[in-house]
Every structure is written in C-alpha cells, then in structure tokens.
Amino acid sequence: MREFAYERATDAGGAVAAVLADPDAVFLGAGTNLVDHLKLGIIAPGKLVDVSGLPLDQVTQLPDGGVRIGSAVRNADLAAHPAIRARYPMLSAALLAGASAQLRNLATTGGNLLQRTRCLYFQDSTVPCNKREPGSGCSAIGGFDRDHAIFGASEQCIATHPSDMAVAMAGLGAVVRVLSAVGERQIPLVDFYRLPGEAPDRDTVLDHGDLITAVDLPALEWASTSTYRKVRDRASYAFALVSVAAAVDIADGVVRDARIAFGGVAAKPWRAFAAEAHLRGRAATEENFAAAADAELADAHPQRQNGFKIPLARNVLVATLRELSEAR
Ligand code: SF4
C-alpha cells in the first residue's frame, strides 16, 4: 500500500480547502469502503482528509416539514431515528437491508452515497476495468455479468450501484447538499449519479473537493405508506440483484401519486418515472401494477446472464405495490 498523509478536519470549509489544495487528496468518512479499496490497490491517494468528526451528525426537522440528514449520521442511527421510521419507512427498511450491523454502526450517510460498485472485476486490480483504469477495457462484458445492469449501461461499463439507502432516497426525491470552494449547492439525488457513458470512472457529478454536507428529504406526508424490498442471493450481507423502494398515495381505491425506484439494475438508483406515470389516476389493482412495471421495463436491456432481472423486477414491484395497497 502506498504511504499517505492524514489530516483530521475540524470544520467543513477547512476540509474542502484541504482536499482542493492537493489533487491527490480524498475525503475519508468512516472508511468502510475506502479502506477496502486502499488495501485492494484500487485507489492510492496521497492524502486522506478525515471528515468523520465534523459536526454533521444530526437529523433535523426543516421549516417546510422535510427532514435534513447530516452527512456524518451513521446508517444505524438513521435507520432507528423515530422520524425516519414513522415518516419514511422505505428509507429505514433500505438501511437495515444493507451490509451488516457492524458496518451500519460505522458507515455514514455521505459515505453510503459514495460507495462504489461491487463488480468483481472492479475489485480485482489484476484485470482490465474501465471504471478503475480508464481505457483498459471491461472484463464484465463477455465475462460474468449476472449481477450487472439492465438499464443505462454503455460499451465501457455495465456495473450497478450497490447502495440500498440511495435507492430509497431517489424514490423519495431527496436532494444532496454539497459544499465547494464557491459555496453550497443542491443536487437532486436522481441527478447526482452519472450513467457510465464514455467516462465510467466518474460515478457522480461531484468535482474534486466537493463535500457532501447533508441530504434533504421532502415533507411527502404519504411516504409513511412506503417500503423497501430487496432480492439477493442470501438473506443478509449481500448486494441486491433487484430491489424496489416504493411509496403510494391511494384514496378510494385510486392511486393519486406514487414514488418508485429500483436498485441493482443500473449504475444509479433507477427512478421508475414511467411506472409512476402509469399508476397515477388509475385503480390500485394487480393488473395496473403489472402494467406499470411493464411500462418501466420496456426499455430494459439485459446482459447475457441476467435476463432473469426483468421478470424479477416486475414481480418484486407488483408484490411491493400489492403490499402497500393492502396496508392502506
Ligand atoms: Fe469495470 Fe464497469 Fe466493466 Fe465492471 S462493468 S469491469 S466496473 S468497467
């Protein structure tokens, strides 16, 4: 492992300045993903700027009824927070579906958003991978592609994003607050991640020195009827083959509004806008749930080994919507 300098930031502005001053520096949160990458030789920064001790570890109520989640809030604390459990159960459930209890106790909100793909080839520094080493090739194309994308892939990369938390946040319409040298800006989570295109090494729209300070959730009163379903190869400590985060607003048997996002299907949480549009104003029936799923999945393009993800995503979405409609 390459030697690196270590600096412990005491305020957010100082952390941004420290990373900006060194093109070889990166932020260190809890390190649950980054330290693995250091050990595997996936990255070799010259400096770590530790932001885990910044005072960004609070969940606060916003004047408009929404909730602000500091970027240093631990995943376990967020999942257990009374406001999250009561008002955004899909987010609490998604957090509890991720990783192990030990990791959730340590991992932070900001770090969870920035975790990188678990594509086997990305994590093996002895084989080509365009995300790890641009221009080297993609070992998954023509290789083991069972876990990979069915939406938004490119000829450069077909990886999926691993976060469960981000899927629920995308469904809820969360906004990421980012601090840079020129001030703070807000990025809707659905625009925060990039599809791979010609530059799969860039997972997000962040620039060097951009620090996530918080995630804002909208008030969305009816998100109290929401949930998260995750299908994986074993019952715990595994990444999603397909997951669904969904919230529905149903009155008199009719869907007034819906928020749906898929995980495990793309390089970003996949907000299912077509499915949502199909549901609005229609009866909350099994047939309409299936038609909504079909509307979204019409544009799916499976890899050689993961055609199963299309019927799996359809079935999981229909089952999730059925569960929510019965819970009203
Ligand atoms: Fe690398 Fe992406 Fe190909 Fe995986 S799918 S080997 S992450 S370029």
Screening Pro128, Pro188 for residues that are more than 11 Å from the ligand (Cβ to nearest atom) and either in contact with a strand residue (DSSP E or B) (Cβ under 6 Å, 6 or more places away or on another chain) or modelled with pLDDT of 95 or more (or both) leaves only Pro188
Suppose we keep only residues that are in contact with a strand residue (DSSP E or B) (Cβ under 9 Å, 6 or more places away or on another chain) and without any contact (Cβ under 8 Å) to a residue 60 or more places away in the chain within segment 101-125. Which one would you say is least open to solvent (accessible area, probe 1.4 Å)? Cys119
Residues (open to solvent by 40 Å² or more (accessible area, probe 1.4 Å), under 22 Å from the mean Cα position of the chain (by Cα) and among the β-branched types (Val, Ile, Thr)) located in segment 270-323: Ile310
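Residue-by-condition table, conditions (1) within 16 Å of the ligand (Cβ to nearest atom); (2) more than 14 Å from Arg304 (Cβ to Cβ):
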position: Ala140; (1), (2): yes, no
position: Gly143; (1), (2): yes, no
position: Cys157; (1), (2): yes, yes
position: Thr160; (1), (2): yes, yes
position: Asp164; (1), (2): no, yes
position: Ala174; (1), (2): no, yes
position: Val178; (1), (2): no, yes
Under the condition of being free of Cβ contacts under 8 Å to residues at least 24 places away in the same chain and among the aliphatic types (A, V, I, L, M), which residue from segment 63-100 is most open to solvent (accessible area, probe 1.4 Å)? Leu96
Looking at segment 15-35 only, could you name the residues that are exposed (fewer than 14 other Cβ atoms within 10 Å of the Cβ) and assigned to a helix (DSSP H, G or I)? Val35
For segment 256-269, enumerate the residues that are touching a helix residue (DSSP H, G or I) at 6+ places or on another chain (Cβ under 9 Å), more than 15 Å from Leu91 (Cα to Cα) and open to solvent by 10 Å² or more (accessible area, probe 1.4 Å). Arg256, Asp257, Lys268
For residues that are more than 10 Å from the ligand (Cβ to nearest atom), open to solvent by less than 10 Å² (accessible area, probe 1.4 Å) and small (Gly, Ala, Ser), tally how many sit in segment 145-155. 0
Tell me, yes or no, whether segment 105-113 has at least one residue that is outside any loop (DSSP other than H, G, I, E, B) and more than 26 Å from Arg194 (Cβ to Cβ). yes
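The values are calculated or read from the model by the stated rules, or taken from the named source; none is laboratory data. Bear in mind the structure is a predicted one, so any value in this text is a computation, not a measurement. Don't worry about glycine lacking a Cβ; one is built from the backbone with ideal geometry, like all the others, and counts go over all protein chains shown. Each accessible area value is taken on the protein alone, full model and side chains, heavy atoms only, with ligands, DNA and RNA left out. Shrake-Rupley method; radii C 1.70, N 1.55, O 1.52, S 1.80 Å.
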